Every structure is written in structure tokens, then in C-alpha cells.
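What follows is calculated from the coordinates using simple rules that are stated; it is not laboratory data. These numbers were taken from a predicted model, which means no experiment stands behind them. All Cβ positions, glycine included, derive from the backbone under ideal geometry; neighbour counts span all protein chains shown.
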Amino acid sequence: MSRFCKAALAGPALAVLLGLTAGLLPGGTALADGFPGVGRPATPAEVKAWDIDVGPDFAGLPPGSGTVSRGMDIWEAKCSSCHGTFGESNSVFNPLIGGTTAEDIKSGHVATLKRTDFPARTTVMKVATVSTLYDYIRRAMPWNAPKSLSDDDVYAVLAYMLNLAEIVPDDFVLTDRTIREVQARMPNRNGMTTAHALWPGPGLPDAAAKPDTANTACMTKCKPSVQLASHLPDHALGAHGNLAAQNRIFGPVRGQRTGPDEAAADKPPPALTLAEESGCLSCHAVDTRIVGPSYSEIAARYRGSDSTDALVSKVKAGGEGVWGAVPMPPQPDLNDDQVKTLVAWILAGAPAK
């Protein structure tokens, strides 16, 4: 989360965007008074839930540590199915590791980035700041269970990646202190540039083109206060159901209640909720292929066969090769009953109700 967003969270404007009800909390009276009748300040717990960014100056970096060897264990259990054992896989995502040399570590410039014949641009070739890797892993990985790694887990996974890239030795312990030393060894630490346009491509084609990231924020003539010009009439508040029930299922933020709770009969089946919470719907849809096959395809393939036990094992351990080269990550956090519920629902065609 950027510093700008943090400032916005401290005020009532974002509370309005989030659909929070008007009202004041202890400690927030002064801010709310600046915008009477408009939302309320975010609570410290709400700010903390969103405020997890780690800047290039390491601001926001949590304390912790992780070894290369522990990172390897976590990697093989949670990361290798998509990224390969050595971060080299090109099946699901671009390779993470490779393309850098000891000379790059000395110079801070990755020479292969200038080679048009080099087959790929790996993450470690391009990234300039090690804090970016920590931040991204912490907030977004594993793909099917983001934010499920502890801070120490993230340090360990990152230590393993840095070891694969030969930036740190096998016995290295990555901590909130040693990570600052690692920055001085990042292969492309001196390669960051904003003197290019995102489109139509690298380099500035002519004098009229402007870099995409060289603009400055306009912070003049700002309005001193928020003025509500209009609002939904009471009869239209529930046009899209209860907004409070449509927020993300984790975190302390809840929106304004604009309607009654869903009737029990209208609630999705438990298996669908389970699939959503487990990240299965990131790769699978009911009738359409995304990364993996649709649930309809799976149900059709196994219809009439006694395949429940095999599918239960596959969901728990992950699989590869039946539906193509893209591997399916394991679901080690689901217990046997949950996996059986999920498999039974898939074999039934993944009904919505």
C-alpha cells in the first residue's frame, strides 16, 4: 500500500468508498469532525490489516528470519508446482531464476537484458530491489492461498530464491537486518530506469513521447472538505443486495448494510464456498477453462467411474499431466472431509445450489 493510500485510510474519504456507516470511534473524533456526516476514520486494526507494504528503503519490513534450507522445504511444498524445483519452470509463469552471473552481482547490471537472443527475462534478472520480492511473496503467494505464509516463512522462501540465484551462500540466514546487505548484491540493482514508455515499447521513439512514470502528482487547489452532491435514496440502497455481505471474507473491514441477509435457501453450497476460499476458482470455472479444466469437463471425464479416492488424493497432493502440462498445486490445508466434500461437488457438475 502506498504512502498516499495510507494517508487516505487515515481520513474518512476511504471510509465512504468502503461503504462504512457514519459514526465516530474513540480516537477518531477530530478527523471525522472535518467531514461531518461522512463516514468515520479507519480504526488502527483496519489500517494494520491493509498496511503491509515493504518499501525499497525497507520501511514496513517486519522482524524475522529464515534459512535457505527451511526455505527449500517450504518451496517444495508450496511453490515448486508452479515455479519448478529450482525456480526455472516456464509452464505456468515465466522463470524466476536464471540469466544472471557473478559479474552482474559485482556491477549491479544484468548483461543478458541487452541480449536479444536470450530466451527469457527471469524475475531475478529484472528486479532491482530485494524488498520488492519480500513484499510480493508476503502479500500474494502462494497463488492459491495468498497471505498464508508467516513472516519467517517469507524470509525463508526468499533466502532459498536468493541462494538459487547465487546471491547468498547455502548457510545464509536472511533476516530483517541481513536483507539490507543482500540489496548490495542484487544483480540488477543499478538497472532500474523510468526513462521509457510502457507502450509502444522500450525506449522513447521520439521527442514527444513521455516516460510513463515521470509525472508528478497534482497537489494544488485541493478542496478543503468533502461535499456530498447526491446519494442513493433509501428505496434504492438495496438494489444490489446487502453490500456488507459482499466484502472480502477476511480482514476487519465491512461495508454498509444495505439489505437483509441472504436467505439460507439462496446461500451457495458449502463446497462452492470451500472452493472459493481455497483458491480453486482461480484456476477452474464451472463451464469454462481458465488455467485448468472446467469442473464440467472433470465431471464428464469421470462420470460412471469410481474415481473419488483418486481425485481426493490428487486434490490433497497436487497433480500434473492429466489435463496438460500445467501442474495443480496441492491443498495441504484441507482436511479429508473437506476434500471429499469438494470432490463430490465437482463430480456432480459443480452445481450452484
Checklist entry - If r is the Cβ-Cβ distance from Phe86 to Ala245 and R0 is 56 Å, what FRET efficiency results, to the nearest 0.05? => result 0.80
Next on the checklist: On a 27 Å Cα-Cα criterion, which of the cross-link pairs Lys126/Lys147; Lys48/Lys353; Lys126/Lys314; Lys147/Lys316 come out too long?
Outcome noted: Lys48/Lys353; Lys126/Lys314
Next on the checklist: Compute, for region 106-154, the length of the dipole vector about the Cα centre, with Cβ point charges of +1 (Lys, Arg) and -1 (Asp, Glu) only. Units Debye, rounded to 20.
Outcome noted: 320 debye
Checklist entry - Using the beta-carbon distance between Lys221 and Arg177 and R0 = 51 Å, what value does 1/(1 + (r/R0)^6) give for FRET efficiency, to the nearest 0.05? => result 0.70
Checklist entry - Relative contact order (percent) for region 254-353, with alpha-carbon contacts under 8 angstrom and 6 or more residues of separation? => result 32 percent
Checklist outcome for this item: Here the FRET efficiency for Glu76 versus Thr43, based on Cβ atoms and R0 = 41 Å and rounded to 0.05, is 0.55
Checklist entry - In nm, what is the difference between 0.36 nm times the number of residues separating Ala236 and Glu276 and their Cα-Cα distance? => result 11.5 nm
Checklist entry - Which of the trypsin sites (Lys or Arg not before Pro) found in region 257-319 are loop residues per DSSP with 16 or fewer other Cβ atoms within 10 Å of their Cβ? => result Arg257, Arg303
Next on the checklist: 7 Å from Cα along Cα→Cβ at both Tyr136 and Thr288: what's the point-to-point distance in nm?
Outcome noted: 2.6 nm
